[in-house]
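Peer 1: So that we are looking at the same thing, I have put the structure below in structure tokens.
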Amino acid sequence: MIKTSRDRMTDAALFEEAPDVFWKGVAERLKWMTLPSEISDVSFDKDDLHIRWYADGTLNVAENCVDRHAEARPDDTAILWIGDEPGTSKEISWRELHHEVCHMANVLKARGVGRGDRVILYMPMIPEAAYAMLACARIGAVHSVVFGGFSPEALASRIEDCGAVAVITADEGRRGGKTVPLKANVDAALARVSGVRLVLTVQVTGKDIHFVHGRDYWWHEAREEVPTDCPTEEMSAEDPLFILYTSGSTGKPKGVLHTSGGYLAWASYTHDMIFQCDPGDVYWCAADVGWITGHSYIVYGPLANGITTVMFEGVPTWPDAGRFWAEIERHKVNVLYTAPTAIRSLMKDGDSFVTKYDRSSLKVLGSVGEPINPEAWRWYHEVAGDGKVPIVDTWWQTETGGVLISPIPGDPMTKPGAATKPMPGIKTALLDQDAKPIEGAGNGSLVLTSSWPGQMRTVYGDHQRFIDTYFSAFPGNYFTSDGARRDEDGDIWITGRVDDVINVSGHRMGTAEVESALVAHEAVAEAAVVGYPHDIKGQGIWCYVILKAGHTSHDSLGKELRQQVRTEIGPVATPDVIQIAPGLPKTRSGKIMRRILRKIAEGETSSLGDTSTLAEPEIVDVLIRGAEGER
Ligand code: WTA
């Protein structure tokens, strides 16, 4: 039995009084091969930046997430897979999970993949995605999951950046009644980069695919040729577990690196504290394994805690807006954890899709990935949760590994949209422009003043970028790039990103990435991309595009440019608005005034502020008129 920890006050008090005892308790949730005697060795000083947790401990993450439960409760369900097609589902017991993970690990090993090798996963939401992650962990390989909504171009750049030797994929993925050509995308990516010597493909739809002899294998065939048992590698707590690419303010996504011991301990601790599941409960995080939420709260957190985790292949709106609630009734789901964008898209189809199903099994409803507007919060609480089920609005980031600020069940649910209080062990501050802490109520930049075990350790291959991005703006602190407000009760409200990152349907996107995709088109001279409020997606993608001399706008140009972005990044980044413009508002020194572009896209043109410092102030009216035509 894993020691559970569900009383925030007790843990917070222990942390204040004896931090090392608290952190030791967090580590003891795990099964270690060598129990760590060191807690942490951390410096946020940018000249000596290092972050280490439990560094002399050794363990295997897969043993924690699979073997210890397979021994104790082999026949209980580890993964409940719910297929895209309504009515299809499959239960995978802990014993079966163990069996499959060992097989996949042995397939990788048999083809020379081992400790420290990077393996790309480009997969649909099928149990094999979890097997692949855990198989890598078992043999000490480092996985990097790439979301299936990214293009071959984006996939290739990630393969190249991490120097992957193997790719695990499927013939096709299924989502909302449509298929995604995953293996064909892998082929297209591998035509551009070298180094990959193994492609393992799971058969999902049976679609004819192209195979390269000596490189490509079917999973169902390869698994027949390997032994059933696979010993676990003994890993240091600080050995890398995975790399996950995420967007920042600059064009190139960063490979966020998480390590084994601290990451798993934090995922396990927060999953327990926030969702309070017991063995036998059915816990459903409806994210995709391509994002950090899928890593920490579909795979690692719940499995480490021995909780039945749902993997859902489909989408909330197909075949209709009742999908979540139908499955909750069918499988007696106890926890649902999803993004505000999903909640908003279900809300608009009316309450009857929810109320016709029995949701009495629900104990906790979670929200993640973007600010939840009070209207969506109330609907989630009152309609989905019958006014009884607590909402946990969890704030965190790819970089933080697990949740840092959130209410927990049992807290008074009186503040729709507040992330409320930091988890025990987490020290936040709000800083003003001069890096001075704001005491009491106020608005500022959200920073973490000290480390926690789930913190990312570096940007893969570019430690300087890690330092520059997170530890330079406010020396001595980890800067989140989010703004926040503290109210009179000390509760924290996240106000959103203060950099050029936007949040589209809960997917994090760098505006610079979309800009570089647009300028790759032959007709485009310059592009500026901003987010604007979107009823369902939270933020939409608004692109201002300047054409090269000799090119004029034509009927299909918008379509071509959208296609260009889909090719360079993928369907997740498809622009909502493309406004062809004669120029951009720039200062005399040539800097684009994004603040003005954001206001125009938002339709907030009465509050543009001072435009007199612009090189060509008259461009603003032209852009405003153009924007009205787009709305
Ligand atoms: C935003 C997703 C408000 C925030 C786990 C953060 C949120 C970014 C919340 C990270 C929340 C995440 N309330 N905003 N509950 N959760 N965000 O890396 O701006 O995909 O910086 O991690 O999402 O996005 P990421």
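Results for (1) modelled with pLDDT under 95; (2) touching a strand residue (DSSP E or B) at 6+ places or on another chain (Cβ under 7 Å); (3) within 30 Å of Ser157 (Cα to Cα), shown as yes or no for each residue.
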residue	(1), (2), (3)
Ser445	no, yes, no
Met456	no, yes, yes
Asp462	no, no, yes
Arg465	no, yes, yes
Gly476	no, no, no
Asp489	no, no, no
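Peer 1: Could you list, in sequence order, the residues of the stretch 232-256 that are within 16 Å of the ligand (Cβ to nearest atom) and either within 13 Å of Ala141 (Cα to Cα) or in contact with a His (Cβ under 6 Å, 6 or more places away or on another chain) (or both)?
Peer 2: Phe242, Ile243, listed by residue number.
Peer 1: What is the residue count in the stretch 363-378 for residues that are farther than 14 Å from Leu336 by Cβ and either away from the ligand (no atom under 15 Å from the Cβ) or of a type in the set (Asp, Glu) (or both)?
Peer 2: Result for the stretch 363-378: 3.
Peer 1: Working only within the stretch 259-299, note down all residues that are of a type outside the set (Phe, Trp, Tyr), farther than 17 Å from Arg29 by Cβ and within 16 Å of the ligand (Cβ to nearest atom).
Peer 2: Correct list: Cys285, Ala286, Ala287, Asp288, Val289, Gly290, Ile292, Thr293, Gly294, His295, Ile298.
Peer 1: For the stretch 379-428, give me each residue that is more than 16 Å from the ligand (Cβ to nearest atom), more than 19 Å from Cys277 (Cα to Cα) and among the charged types (D, E, K, R).
Peer 2: Glu382, Asp386, Lys427
Peer 1: Whether any residue in the stretch 476-483 is more than 15 Å from the ligand (Cβ to nearest atom), more than 25 Å from Gly294 (Cα to Cα) and surrounded by fewer than 20 Cβ atoms within 10 Å (Cβ to Cβ) is what I want to check.
Peer 2: Checked the stretch 476-483: at least one residue is more than 15 Å from the ligand (Cβ to nearest atom), more than 25 Å from Gly294 (Cα to Cα) and surrounded by fewer than 20 Cβ atoms within 10 Å (Cβ to Cβ).
Peer 1: Give me the residue from the stretch 1-15 that is part of a loop (DSSP other than H, G, I, E, B) and loosely packed, with under 13 Cβ neighbours inside 10 Å and, out of that set, modelled with the highest pLDDT.
Peer 2: Step one: list which residues in the stretch 1-15 are part of a loop (DSSP other than H, G, I, E, B), which gives 1-7.
From what is left, the residues that are loosely packed, with under 13 Cβ neighbours inside 10 Å are 1, 3.
Values: Met1: 67, Lys3: 80.
My answer is Lys3.
Peer 1: Yes or no: Thr469 within 16 Å of the ligand (Cβ to nearest atom) and either within 18 Å of the chain's Cα centre (by Cα) or outside any strand (DSSP E or B) (or both)?
Peer 2: Details: within 16 Å of the ligand (Cβ to nearest atom): yes; either within 18 Å of the chain's Cα centre (by Cα) or outside any strand (DSSP E or B) (or both): yes.
Criteria met by Thr469.
Peer 1: Considering only the stretch 60-76, state which residues are under 25 Å from the mean Cα position of the chain (by Cα) and not charged (D, E, K, R). So that I can check it myself, show each step before the final result.
Peer 2: Quick first cut of the stretch 60-76, residues under 25 Å from the mean Cα position of the chain (by Cα) only: 60-66.
If the condition is that a residue be under 25 Å from the mean Cα position of the chain (by Cα) and not charged (D, E, K, R), then Asn60, Val61, Ala62, Asn64, Cys65, Val66 are the ones that fit.
Peer 1: Then there's this: If you check Asp393, Asp411, Asp386, which single one turns out to be over 27 Å from Gly290 (Cα atoms) and touching a strand residue (DSSP E or B) at 6+ places or on another chain (Cβ under 9 Å)?
Peer 2: Values: Asp393 fails: over 27 Å from Gly290 (Cα atoms); Asp386 fails: touching a strand residue (DSSP E or B) at 6+ places or on another chain (Cβ under 9 Å).
None of the other options fit; the residue is Asp411.
Peer 1: Would you please list the contacts, defined by Cβ atoms under 9 Å and residues six or more apart or on different chains, that run from a residue in the stretch 492-509 that is over 16 Å from Thr428 (Cβ atoms) to a residue that is aromatic (Phe, Trp, Tyr) and within 9 Å of the ligand (Cβ to nearest atom)?
Peer 2: Hits for this filter: Gly506/Trp291; His507/Trp291; Arg508/Trp291.
Peer 1: If Ala70 satisfies all but one of (1) touching a residue at least 40 places away in the same chain (Cβ under 8 Å); (2) surrounded by 16 or more Cβ atoms within 10 Å (Cβ to Cβ); (3) farther than 27 Å from Arg174 by Cβ; (4) not polar (S, T, N, Q), what's the number of the condition it fails?
Peer 2: With (1) touching a residue at least 40 places away in the same chain (Cβ under 8 Å); (2) surrounded by 16 or more Cβ atoms within 10 Å (Cβ to Cβ); (3) farther than 27 Å from Arg174 by Cβ; (4) not polar (S, T, N, Q) applied to Ala70, the lone miss is (1).
Peer 1: Could you pull out every one of the helices (runs of 4 or more DSSP H) wholly within the stretch 203-308 that has 1 or more residues that are under 22 Å from the mean Cα position of the chain (by Cα)?
Peer 2: On the way: elements: 219-222, 261-275, 301-304.
Ranges flagged: 261-275, 301-304.
Peer 1: Could you give me the residue pairs with C-beta distances under 6 Å whose first residue belongs to the stretch 25-45 and is without any contact (Cβ under 8 Å) to a residue 60 or more places away in the chain, whose second residue is among the basic types (Lys, Arg) wherever it lies, and which are 6+ apart or on separate chains?
Peer 2: Lys31/Arg68; Asp41/Arg52
Peer 1: Shifting gears a bit: Are any of the residues in the stretch 312-324 β-branched (Val, Ile, Thr) and either assigned to a strand (DSSP E or B) or crowded, with 23+ Cβ neighbours inside 10 Å (or both)?
Peer 2: Looking for residues that are β-branched (Val, Ile, Thr) and either assigned to a strand (DSSP E or B) or crowded, with 23+ Cβ neighbours inside 10 Å (or both), one finds none in the stretch 312-324, hence no.
Peer 1: Could you please find all residues in the stretch 1-48 being touching a Phe, Trp or Tyr at 6+ places or on another chain (Cβ under 8 Å) and of a type in the set (Lys, Arg)?
Peer 2: Arg29, Lys46
Peer 1: Sticking with this structure for a sec: Applying the selection to the stretch 16-50, what residues are outside any strand (DSSP E or B) and β-branched (Val, Ile, Thr)? Step through it out loud before you land on a result.
Peer 2: At the first step, the residues of the stretch 16-50 found to be outside any strand (DSSP E or B) are 16-33, 35-39, 44-49.
Listed by number, the residues that qualify are Val21, Val26, Ile39.
Peer 1: Scan the stretch 397-433 for residues that are farther than 26 Å from Val354 by Cα and in contact (Cβ under 8 Å) with a residue 40 or more places away in the chain and report the count. Spell out the reasoning first.
Peer 2: Taking the stretch 397-433 and keeping what is farther than 26 Å from Val354 by Cα, we get 397-405, 420-433.
From what's left, in contact (Cβ under 8 Å) with a residue 40 or more places away in the chain: 397-405, 420-425, 428-431.
Adding up the residues that qualify gives 19.
Peer 1: What about Ser360, is it surrounded by fewer than 24 Cβ atoms within 10 Å (Cβ to Cβ), away from the ligand (no atom under 16 Å from the Cβ), among the hydroxyl-bearing types (Ser, Thr, Tyr) and under 22 Å from Gly417 (Cβ atoms)? Step through it out loud before you land on a result.
Peer 2: On the way: surrounded by fewer than 24 Cβ atoms within 10 Å (Cβ to Cβ): yes; away from the ligand (no atom under 16 Å from the Cβ): yes; among the hydroxyl-bearing types (Ser, Thr, Tyr): yes; under 22 Å from Gly417 (Cβ atoms): no.
No.
Peer 1: Given the options Ile139, Ile120, name the one that is within 22 Å of Ala110 (Cβ to Cβ) and within 20 Å of the chain's Cα centre (by Cα). Even if it seems obvious, please write down each step before you answer.
Peer 2: Working: Ile139 fails: within 20 Å of the chain's Cα centre (by Cα).
Result of the check over Ile139, Ile120: Ile120.
Peer 1: Of (1) hydroxyl-bearing (Ser, Thr, Tyr); (2) surrounded by fewer than 18 Cβ atoms within 10 Å (Cβ to Cβ); (3) within 13 Å of the ligand (Cβ to nearest atom), Thr341 satisfies all except one. Which?
Peer 2: The number of the failed condition is (2).
Peer 1: Could you identify the single residue in Val196, Val145 that is under 24 Å from the mean Cα position of the chain (by Cα) and among the aliphatic types (A, V, I, L, M)? Break it down into steps so the answer makes sense when it comes.
Peer 2: Details: Val196 fails: under 24 Å from the mean Cα position of the chain (by Cα).
Exactly one of Val196, Val145 is under 24 Å from the mean Cα position of the chain (by Cα) and among the aliphatic types (A, V, I, L, M), namely Val145.
Peer 1: Scan the stretch 241-271 for residues that are surrounded by fewer than 22 Cβ atoms within 10 Å (Cβ to Cβ) and either of a type in the set (S, T, N, Q) or modelled with pLDDT of 95 or more (or both) and jot them down.
Peer 2: Within the stretch 241-271, Thr246, Ser249, Thr250 qualify.
The values are calculated or read from the model by the stated rules, or taken from the named source; none is laboratory data. Just so you know, these numbers come straight off a predicted model, no measurement behind them. Positions of Cβ are generated from backbone atoms using ideal geometry, with glycine treated the same way; all protein chains shown enter the neighbour counts.
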